[in-house]
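Beneath this line is the structure, given in C-alpha cells, with notes to follow.
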Amino acid sequence: MSASGEVWAVLLAAGSGTRLANAVGGVKKQFLSWKGFPLFWHSALTFSKTPAVTGIIFVFPPDQVDEMKEVVADLDGTDSLGMPFKVTAGGKRRQDSVFNGLNELPSGCSHVLVHDSARPFASAAMMSSIVDMMRNGRDAVIPAVEVTDTIKEVDGDIVKKTLVRSSLKAVQTPQGFSLPVLYAAHEQAEKEGWDVTDDASMVEMAGKNVHICSGEEGNVKITNPEDLKRIEEDSRILPCVGWGYDVHKYGAGRPMVLGGVPIPGGPEIIAHSDGDVLLHALADAVLGLFGGGDIGHHFPDTSAECENMSSGIILKEVLVKAEDAGIEIVHVDMTIIAQIPKLSPHRELIRKNVASLMGLDKNQVNVKATTEEKLGFTGEKKGIKAVAAVTGLRKYS
Ligand code: CTP
Ligand code: MG
C-alpha cells in the first residue's frame, strides 16, 4: 500500500442507537429522517464533496444489509455520490464494525477516514484538513475540541480524581489513519482483547502517535434524546387566506342546493353541475390558499365528467389538494347574496353541513346571508351569488 494511495471513508451505521431508541419509537438513529434523507446519508454526501476522498464503505446492521444495499442504490440514483461505494455488515461492537469495513477496502487504498454516521454535521473542510495532515506524514489524525466542563474520574458516586482540564480534549470523528497502522492496531486489539470506544485508542495502545487537529463545535454526535432537537426539521408555519366568488342564474334547471343543503321552494338554478353556488365559492377559496388556480380549470364545464357533478365531490377533491400542499384549514367565513329565497331558516343547517364537509367544528364555520337592497341582478331576483374566505396554516420546511 503506497502512502500516496487512495483515501476511503468507512461510514459506521451498524449501531442499535439504544440511548435514543425510546424517544424515537425504536428507530435506529442512523435511519432517522432529516432534511429528506436518512441521517447516515448526510455524511456520505459530505464525503462526496471532499475531493481527497475516493470512495465509501457503508457499514450497516447485519440483518439490514440486503435492504440497505437497495436503499443506498436508490439514494445514489436520486442524488449521486459520484464515487464508488460498497455496503457491508457491521459487528457487535463499534470496533467490530470498523474492522469489517476495513476488510472491504480496495487494494489501492492507503488511508482511511473512519466516521460515525451519528455525526451528520462534520464539514468537508475538516475532512480535507485531516487528509492533508496524513499526506504530510501523520499516521493518525483526529479532530479535537476544548473541554468546557471539569471532568472527574469516579467510582460509583465517589470522585476518585479530578483531571487537569487544560490538558484534556474531547475528540470526534472522522478519524484519519494510515490503513496499515489502523489495520495492525485492530489485529492487536483482537488478539489482546482490547475493548475501546474509538479507533485512536487502539492506535495509542499499539504505541503509535495520534495527532489532533481542530475539531468543530458543531460536529456533535446524536446520542441522547436531547440531541434530537438538532435534527428537528426547521419549519415555519404561516397563515394563508383564500377567497372565492360564484354566481348562478335563476331559471328552469336544477333545484336549489346551498352548502350541500336542499332549499325547498327556492328558485331553480341554471347550471352545468349541481349549481351549488356556495360550495363553488368555497372550493375556489380553498384553491386560493395555495395558488391552486380555480375550479373552472380543474372541473371544466365543457367536460362530460363534470355534468351534474356534486359540489361535495368538487370540494373534497380540492381539500385533498390543499392537504397535499401542507395546509391545515382553520376557519371558513361565507356570505350568500340573494333577494330570494329567505335564507335565515337554512343558515344553521348549511353551517353544520359545511363544517362536516370540511372536517371542521361548527365554531370554525360562519354563514351569512344578505340582500343587495333590490339592486343589481340579485335585487331583480335574476340570480344568486356567494363569497367565501378560508383561512389556513401552511407549513414550510
Ligand atoms: N456503530 C456501529 N456498530 C456498532 C456500534 C456502533 O457501526 N456495533 C456506529 C453507530 O451506528 C454510530 C457510531 O458507531 O454511528 C457511534 O456509536 P454510538 O453513538 O454509540 O451509536 P449506537 O451504538 O448506535 O448507540 P447506543 O450506544 O446508544 O446504542
Ligand atoms: Mg454505542
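The values are calculated or read from the model by the stated rules, or taken from the named source; none is laboratory data. Note that this is a predicted model, so its numbers are computed, not measured. With ideal geometry, Cβ positions are generated from the backbone for all residues, glycine too; neighbour counts draw on all protein chains shown.
From the list Val59, Val53, Val72, the one residue that fits, being surrounded by 15 or more Cβ atoms within 10 Å (Cβ to Cβ), assigned by TED's automatic domain parsing to the domain that holds His111 and farther than 26 Å from Asp227 by Cα, is Val53.
Considering only region 137-160, I want to know if a residue exists there that is assigned to a helix (DSSP H, G or I) and modelled with pLDDT of 95 or more.
We begin by selecting, within region 137-160, every residue assigned to a helix (DSSP H, G or I); these are none.
Looking for residues that are assigned to a helix (DSSP H, G or I) and modelled with pLDDT of 95 or more, one finds none in region 137-160, hence no.
Looking only at residues in region 269-321 that are within 34 Å of the chain's Cα centre (by Cα) and part of a loop (DSSP other than H, G, I, E, B), which one is surrounded by the fewest Cβ atoms within 10 Å (Cβ to Cβ)? Restricting to residues being within 34 Å of the chain's Cα centre (by Cα) and part of a loop (DSSP other than H, G, I, E, B), the top hit is Gly291. For region 196-205, filtering for residues that are buried (at least 19 other Cβ atoms within 10 Å of the Cβ) and more than 15 Å from ligand 1 (Cβ to nearest atom) leaves 1.
Among the residues of region 86-121, those that are of a type outside the set (D, E, K, R), in a strand (DSSP E or B) and either surrounded by 24 or more Cβ atoms within 10 Å (Cβ to Cβ) or within 13 Å of ligand 1 (Cβ to nearest atom) (or both) comprise Val87, Thr88, Ala89, His111, Val112, Leu113, Val114, His115. Pairs meeting the criteria (first residue in region 10-22 and closer than 21 Å to Asp199 by Cα, second residue near ligand 2 (Cβ under 10 Å from one of its atoms) and acidic (Asp, Glu), beta carbons under 7 Å, at least 6 apart or on different chains) are Leu12/Asp116.
Residues that are over 20 Å from Glu216 (Cα atoms) and in contact with a helix residue (DSSP H, G or I) (Cβ under 6 Å, 6 or more places away or on another chain) within region 137-181 comprise just one, Asp139.
Any residue that is surrounded by fewer than 14 Cβ atoms within 10 Å (Cβ to Cβ) and on the phi < 0 side of the Ramachandran plot - is there at least one of those in region 329-339? Yes; the residues of region 329-339 include at least one that is surrounded by fewer than 14 Cβ atoms within 10 Å (Cβ to Cβ) and on the phi < 0 side of the Ramachandran plot.
When each of Asn209, Asn219 is tested for being in a loop (DSSP other than H, G, I, E, B) and either outside the structural domain of Phe99 (by TED's automatic domain parsing) or within 16 Å of ligand 1 (Cβ to nearest atom) (or both), the lone residue that passes is Asn219. For region 1-54, the set of residues classified as in a helix (DSSP H, G or I), within 16 Å of ligand 2 (Cβ to nearest atom) and aliphatic (A, V, I, L, M) consists of Leu20, Ala21, Ala23, Val24, Leu39, listed by residue number.
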